[in-house]
There are 2 protein chains.
Amino acid sequence: MDGEAIKRSLEERGLRCTPQRYAVMAFLMEQNSHPTAAETFEAVNRVDPRSSRATTYNNLRDLVKAGLVREVAVEGRAARYDAQGVRHHHFICDRCGEVEDVDWYEVRKPASRALGKRYVRECEVIFRGLCARCARRRSSR
Amino acid sequence: MDGEAIKRSLEERGLRCTPQRYAVMAFLMEQNSHPTAAETFEAVNRVDPRSSRATTYNNLRDLVKAGLVREVAVEGRAARYDAQGVRHHHFICDRCGEVEDVDWYEVRKPASRALGKRYVRECEVIFRGLCARCARRRSSR
DNA sequence: TCTCAGATTAGATATATTCCAAATAGTTCA
DNA sequence: TGAACTATTTGGAATATATCTAATCTGAGA
Ligand SMILES: [Mn+2]
Ligand SMILES: [Mn+2]
Ligand SMILES: [Zn+2]
Ligand SMILES: [Zn+2]
């Protein structure tokens, strides 16, 4: 996605394409990792235009609401963000909290009777265990 | 599970059965909701023995490590805890953050090639959307 | 060019969680 | 039993994370 495409995707969702908001979106898109808000804030401020902490948080919130960015909560750690590219699942490391992508595959939905009056928007799978690095570290002791 | 059973399950995992730790475990087991650490702290302190905030957090951490309690991270909100009864999945409300149980069903694991050198301990499904209450509230406007 | 809702800002504030060092309470074993 | 050892508890301080506030700025459309 190039600059124009980012601009368009923001405006389609009623968000102005401000330099700060653009910078957050562009940064997240070029990462394959899952940056925290603090990392995003720092990265955006290494280049112009600068952005305040509040604006970084505001923009992350707005982008999540608009469906352009996914937020991943990790127990005991800061939330991580992910510019929705192709659909995928996540692996979260029990030891270091690292979030990694796992190729998408269709998951069987539960019986609708089990969902009652709830409205289900999505259905994600989270794999847990040890990332490659932590698994290695663990076995070599 | 009665008192003796709780005591045994703690000791099997090398944890002393202290009054504070027991109280946390017993409280979580009698809830069908998913209390936060703050709610647990408050509940435990409505009855004897009392427990400090640090001890409540310590015990929740120890119980999670021991595999007796599950921690559920919710974006932008305090973590929630769940005394592992029967295996189940979770539904998390986009609006109010409520965590609800969904009957367990087996999920297909991804191709092992997609997991590389990771060690996968578990594979959970999280449903997202609006809980019954928020769905009602939403449609009646 | 004017207007104004949307956006940004620095700093204060709120919330959630962990750390710390001293005191206490179980457990083991002489 | 009771000394010795260790796990646990404690209150308060400290840290981490996230949101709020009120003043100011910006840019898209009229
Ligand atoms: Mn991802
Ligand atoms: Mn549950
Ligand atoms: Zn790891
Ligand atoms: Zn709800």
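The values are calculated or read from the model by the stated rules, or taken from the named source; none is laboratory data. Since this is a predicted model, take the numbers as computed values, not measurements. Virtual Cβ from ideal backbone geometry, glycine too; neighbours counted across all protein chains shown. Remember, those area values only see protein heavy atoms, side chains included, never the ligands or the DNA or RNA. Shrake-Rupley method; radii C 1.70, N 1.55, O 1.52, S 1.80 Å.
A few notes on this one:
- Among residues of the stretch B:59-80, those that are assigned to a strand (DSSP E or B) and open to solvent by less than 20 Å² (accessible area, probe 1.4 Å), counted: 2
- A single entry from A:50, A:46, A:77, A:21 fulfils the requirement of being over 13 Å from the mean Cα position of the chain (by Cα), within 30 Å of residue B:69 (Cα to Cα) and outside the structural domain of residue A:122 (by TED's automatic domain parsing): A:77.
- Within the set A:113, A:121, the sole residue that is part of a helix (DSSP H, G or I) and without any contact (Cβ under 8 Å) to a residue 12 or more places away in the chain turns out to be A:113.
- Hey, residue B:129 part of a loop (DSSP other than H, G, I, E, B), within 10 Å of ligand 4 (Cβ to nearest atom), closer than 30 Å to residue A:103 by Cβ and free of Cβ contacts under 8 Å to residues at least 40 places away in the same chain or not: no
- Selected residue [under 24 Å from residue A:77 (Cβ atoms), in contact with a His (Cβ under 9 Å, 6 or more places away or on another chain) and among the charged types (D, E, K, R)] from B:94, B:82: B:82
- Among the residues listed as B:30, B:12, the single one being more than 16 Å from ligand 4 (Cβ to nearest atom), over 30 Å from residue B:134 (Cα atoms) and either free of Cβ contacts under 8 Å to residues at least 24 places away in the same chain or among the polar types (S, T, N, Q) (or both): B:12
- Residue A:51 meets each of the listed conditions (1) open to solvent by less than 70 Å² (accessible area, probe 1.4 Å); (2) more than 9 Å from chain B (Cβ to nearest Cβ); (3) in a helix (DSSP H, G or I) apart from (3).
- Look at (1) under 20 Å from the mean Cα position of the chain (by Cα); (2) within 12 Å of chain B (Cβ to nearest Cβ); (3) at pLDDT 90 or above; (4) open to solvent by 80 Å² or more (accessible area, probe 1.4 Å) and you find that residue A:87 fails only one, number (2).
Results for (1) within 7 Å of chain A (Cβ to nearest Cβ); (2) open to solvent by 40 Å² or more (accessible area, probe 1.4 Å); (3) not hydrophobic (A, V, I, L, M, F, W, C), shown as yes or no for each residue.
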residue: B:96; (1), (2), (3): no, yes, no
residue: B:99; (1), (2), (3): no, no, no
residue: B:107; (1), (2), (3): yes, no, no
residue: B:110; (1), (2), (3): yes, no, yes
residue: B:125; (1), (2), (3): yes, no, no
residue: B:128; (1), (2), (3): yes, no, yes
residue: B:133; (1), (2), (3): no, yes, yes
residue: B:139; (1), (2), (3): no, yes, yes
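- Subset of the stretch B:36-48 [part of a helix (DSSP H, G or I) and within 16 Å of ligand 2 (Cβ to nearest atom)]: B:37, B:39, B:40
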